[in-house]
Structures are given as C-alpha cells and as structure tokens.
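Peer 1: One structure is given below, represented as structure tokens, and several questions about it will come after.
The values are calculated or read from the model by the stated rules, or taken from the named source; none is laboratory data. Fair warning: this is a prediction, and the values are worked out from it, not measured in the lab. Positions of Cβ are backbone-derived with ideal geometry, glycine not excepted, and every protein chain shown enters the neighbour counts. SASA here: full protein model, heavy atoms, side chains in, ligands and nucleic acids out. Shrake-Rupley method; radii C 1.70, N 1.55, O 1.52, S 1.80 Å.
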Amino acid sequence: HVGDVWTGTDWVTPSDGDVIRAESPSGVAGYWQQVSGGAVQIFPPGLFTYNTVTQVTVVSIEEVAPFIAGSDIVIQASCGVPEEIYSGPIASFTPFGFSPVCDIDVLTGTLNYFNPCWIPVGVNVESFTPTGDPEPFATTGLNSAVQFIFPQDDGKFICVGLFTLYGATSAPRVTRLNADGTLDTAFNTNIGTGPVGGAVRSAAIDSLGRVYVAGDFTSFNGNSSYPYLVRLLTDGTIDTSFVVGTSFNASVYNVMVQPDDDKVIAIGTFITYNSVTANRIIRLETDGSTDVTFNSGTGFNGPSNAPSGASKIDANGTILVSAGFGWTAYDGNIVLPGGPNPGIVRINPDGSFNSSLTQGTVFNGTINNLSVQSDGMYLITGAFTMYNGTAVPYIARLDDHGVLDTTFNIGVGVGFSVPATSNTPLPNGQMLIGTGGGTYQGLDTFRLVRLNNDGTRDFSYNTGPGFNDYVSQTVIMPLGTILVSGNFTTYNGLPRIRVALLN
C-alpha cells in the first residue's frame, strides 16, 4: 500500500489536492497535501518581511493547513553566508523586519513536525521599492511640534516636543501614541502635568523601554526631586529607583543611553551633579549614581549647548559631542583651534580625550544633527555653510579623522538652500534628510529627501508636495516604513498631524 492512506476502515489512493493528516505514535500530527502524485508537507500561513529600506522583500508561504501547536520553523537568508533570521515556534512568530547587506532573491525555510526531522519549506519572494507614500494614520494629533520620537517593540512610540494637547486632551510635552497614531490614554494620564519650569531639550529610551527626558524643567508631574533629568517607566510614571540626589545645577541639553549597558551620558550647561563637580558632561549608572570610571577631567571649558541630535555614541562606544558657540577645549585639550565655533569632540569610552579627530577652523554655524554611516563616515547637517574653509551648504560628510569627503555633494554642488534639520543613514548607504523647506541642488526638497551615497538625489522618493512644515526626525521602523516627526500638519495634501508613517 505504498502511496495509499488508511482512512480508518480501508486503504485509499489520495487524489491531487487532498489534505492528509498523519499522526506519530507519540500523538504528534502533521498535515500533507497530495500534489502531482506526491505528498507535500503544508502548514499555517506566514508572512516574512525583510527590509533594506530601499528594497523591501516580502516572503510568504502559499500552502495553508490547520495549525499544528508546537511546530518549529527556521528561516535563513543568504548573502554569501547563510544567516538565521528566525528560529522558534510557529505560534510565536509575528512579521518582523530584516536589513540584509544584499538583495535577497532566495530564502530557505525548514519546518519541524516530527523531531528531529526537519523538512524543507518552499517560499515565494516579492520585492518592491518604497516611494515615500503615506501609510494609513490617525488624522487627529498633537498641537505643536514633535522634536523626538522613539518607537517601541509593541509598535507604539514615545513623542517628546513642544506640544501641550492631543486633540482636546492634555498632553504636556511628553506622551505616547499607539501604532495607528491614536493617543495611548493610559500612558498619557500617568504623565500628569509633565515637565514644568522649562523646555524639554532631549530624550532617550533604554533597552527596557524606560524613557529619559532632559531639559530646562525643574519638576516633573509635580515632583521637584527630578530637575533637568527624569526617567519614566514604561507606563509613564516616574521611576523613583533612578535616584539623582540634588541632581544637576543647570540644564541638560543632551541625554544618550549606551546600547551595551544602558548607562546614561548627560551633556549640558551644568557644572555639578548631586553637589559634586561635573563640568558639563557626566556618565550615570542605571540607578542614577555617578559612574566613577568615566574620567572627563575638567570637562568642557564652556557651555555644551548644542541641539540634542548633534551628539552620538558610535558602534565602538566612542562619544561624539557637538557643541554650539562658547567652548574651545575638553579636559584642557584645545579641540577648536579656530575659535569658539561649532565642532565635534571625540571622547573615548572611559571619558578621556581622543585626539585623532582634527577639524581646523571647523563649522561656521550650528550642527543640528550628527550620525555615523555604516562605513564609519560622519554625516553632519545643520545651519552651517563652511567647514574648515570649504563651502558645504548645510550638509557635510567627514571621515573619522575629520577630513572632508570632497566626493560627496558635487555636480551642481550647491547643497541645501536652508538649514537641514535631521539626517538618518540607511543600511544601503543612502540617507534621509529632513529640512524646513527650500531646495537641494536647486530643486524643491518638500522637506524630506533621500540622497544616494554620493550625495546625488534619489528622485524615485517623495516627489511632492511633501510636508507643509519642518521635519525634526526620521526613524526606520522594523517593517521598513519610515516614522517622521516635526511641525507639519499635512503630507501630500493628507492630514498628518506632527507625526506620519511613510512606506
């Protein structure tokens, strides 16, 4: 009876398309389908999305059968070397994003019904290129600019900015929105009165989803124990386990969380923390105490008061600090020999000065945003037009020694006509640049452009009319969409109130 199936009363030969249930002696069941005289194992439908941002690959499984609890699946992608991108129970699988270093044409999958037998799974591949078109989103929103936005693993995102309302509901400068842009009312209620006594200037989120909020404020939700810096739990309440003592004596302009250990870098105009000298930079432990292994010496010799996005921690743990006018040295080392103009100081992970970055006369205007591309190059945008004597209209790229990349933004070579507000490197070397308007190399930016790695414009993305006011930040989401914040109220004529989701 090879090829036949026992029905419980007789042996029969299945027809094409018949679904067959087979059960092992231990009671583990599998489902098979008769296809062209042979049996093919089938299982529940799944959707696998892999993201290169400019090339999104959707991988789906056509065959559908009743769900088998306890089944495991392994999916591998190959860019020369196979890489496991999912392994675990089918029941735990949800669509997720993946950024490969090459275009994925073939993915392989194996399914485990009868341990330890792994059976190959067929998948279909379909690719498309994101164009910047808007995704569905709430048309009610916040009443003023969102300066910082942080997505969470559950699809929700933290918003921090100048707003005070969501629609008609109080939302005092910090709130959380659901994945569709509606207000997370429980989180918003726990924020209470939010920051009082000054502006919010920076925010960050750690690996546990706790939110740091920093700025000029002197109390948060009526609690004056957290002037200038507070940590919130995932429900929006103040995390009282983060103990700051007497805290800072002046504003915190930048707060950054180290990705490897969740320690916190704070930069600002302060000169003490918890009544101990800390000249405008400090690293804190996760409980709020001073990290005594961080040796910044005499720190900055003037106020470190650059915008929040102008400082970063790179993949090596090195701290890149950009500051505005008013300082020339770090721990006694002259950083800006051209005078108190905006520039970058590189600080080793232990807080000591790193002298390998040489910048000459540096920038002639404020740095708004600093990011590190996948090849280690520094992408810098802001309100400057010159770097070390060379014209760089509001955008420049430097190598890790501070040397200007003269192959970037040539051709027409006029760069932006107005300051660039944000920049986000993409995995394939391209970049998203936000602006307040104006043009790039003579053509309208529509307040968000995608540039190729050499600085030429990618005209397949966002051809207008775009946003009606400035973009403050862009974030790559797990499934390849782009989350955008700013002060806009429309995108391509559609209502998008300070936050938008683009494909």
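Peer 1: Please find, within the stretch 448-461, the residue that is surrounded by the most Cβ atoms within 10 Å (Cβ to Cβ) out of those that are touching an Asp or Glu at 6+ places or on another chain (Cβ under 7 Å) and either modelled with pLDDT of 95 or more or closer than 17 Å to V414 by Cβ (or both).
Peer 2: The initial filter retains those residues of the stretch 448-461 that are touching an Asp or Glu at 6+ places or on another chain (Cβ under 7 Å), namely 450-452.
Retained after the next criterion (residues that are either modelled with pLDDT of 95 or more or closer than 17 Å to V414 by Cβ (or both)): 451-452.
Numbers: L451: 23, N452: 13.
By that ranking, first place goes to L451.
Peer 1: Checking the structure you have, find out if any residue of the stretch 358-377 is over 19 Å from N295 (Cβ atoms), in contact with a Pro (Cβ under 6 Å, 6 or more places away or on another chain), of a type in the set (A, V, I, L, M) and open to solvent by less than 10 Å² (accessible area, probe 1.4 Å). Show your work before the answer.
Peer 2: In the first step, residues of the stretch 358-377 are kept if they are over 19 Å from N295 (Cβ atoms); the result is 358-377.
Subsequent filtering for residues that are in contact with a Pro (Cβ under 6 Å, 6 or more places away or on another chain) retains 363, 366-368, 371, 373.
Retained after the next criterion (residues that are of a type in the set (A, V, I, L, M)): 367.
After this cut, where a residue has to be open to solvent by less than 10 Å² (accessible area, probe 1.4 Å) as well, the list is 367.
There is at least one residue in the stretch 358-377 that is over 19 Å from N295 (Cβ atoms), in contact with a Pro (Cβ under 6 Å, 6 or more places away or on another chain), of a type in the set (A, V, I, L, M) and open to solvent by less than 10 Å² (accessible area, probe 1.4 Å).
Peer 1: Scan the stretch 337-354 and give yes if some residue there is aromatic (F, W, Y) and either over 19 Å from L398 (Cβ atoms) or in contact with a helix residue (DSSP H, G or I) (Cβ under 8 Å, 6 or more places away or on another chain) (or both), otherwise no. Break it down into steps so the answer makes sense when it comes.
Peer 2: Keep residues of the stretch 337-354 that are aromatic (F, W, Y), which gives 353.
Pick out the ones that are also either over 19 Å from L398 (Cβ atoms) or in contact with a helix residue (DSSP H, G or I) (Cβ under 8 Å, 6 or more places away or on another chain) (or both) and you get none.
No.
Peer 1: With respect to V243, determine if the residue is open to solvent by 60 Å² or more (accessible area, probe 1.4 Å) and under 29 Å from T185 (Cα atoms). So that I can check it myself, show each step before the final result.
Peer 2: Working: open to solvent by 60 Å² or more (accessible area, probe 1.4 Å): yes; under 29 Å from T185 (Cα atoms): yes.
When the stated conditions are applied, V243 passes them.
Peer 1: All but one of (1) open to solvent by less than 30 Å² (accessible area, probe 1.4 Å); (2) farther than 20 Å from F416 by Cα; (3) free of Cβ contacts under 8 Å to residues at least 40 places away in the same chain hold for T445; which doesn't?
Peer 2: Unmet for T445, out of (1) open to solvent by less than 30 Å² (accessible area, probe 1.4 Å); (2) farther than 20 Å from F416 by Cα; (3) free of Cβ contacts under 8 Å to residues at least 40 places away in the same chain: (2).
Peer 1: Of P303, P307, P349, which residue is open to solvent by 20 Å² or more (accessible area, probe 1.4 Å), in contact with a strand residue (DSSP E or B) (Cβ under 6 Å, 6 or more places away or on another chain) and within 28 Å of S247 (Cβ to Cβ)? First the steps, then the outcome.
Peer 2: On the way: P303 fails: in contact with a strand residue (DSSP E or B) (Cβ under 6 Å, 6 or more places away or on another chain); P349 fails: in contact with a strand residue (DSSP E or B) (Cβ under 6 Å, 6 or more places away or on another chain).
Going through P303, P307, P349 in turn, just one is open to solvent by 20 Å² or more (accessible area, probe 1.4 Å), in contact with a strand residue (DSSP E or B) (Cβ under 6 Å, 6 or more places away or on another chain) and within 28 Å of S247 (Cβ to Cβ): P307.
Peer 1: Right, another one. Among the listed residues R176, R201, identify the single one that is surrounded by 18 or more Cβ atoms within 10 Å (Cβ to Cβ), under 19 Å from S225 (Cα atoms) and basic (K, R). Please lay out each step first, then the result.
Peer 2: On the way: R176 fails: under 19 Å from S225 (Cα atoms).
The conditions single out R201.
Peer 1: On the basis of being in contact with a Lys or Arg (Cβ under 8 Å, 6 or more places away or on another chain), over 30 Å from T240 (Cα atoms) and buried (at least 17 other Cβ atoms within 10 Å of the Cβ), does L320 make the cut?
Peer 2: On the way: in contact with a Lys or Arg (Cβ under 8 Å, 6 or more places away or on another chain): yes; over 30 Å from T240 (Cα atoms): no; buried (at least 17 other Cβ atoms within 10 Å of the Cβ): yes.
So L320 fails the test.
Peer 1: Give the residue that is nearest to Q441 (Cα to Cα), with candidates limited to residues of the stretch 384-400 that are part of a loop (DSSP other than H, G, I, E, B) and under 23 Å from the mean Cα position of the chain (by Cα).
Peer 2: Y394
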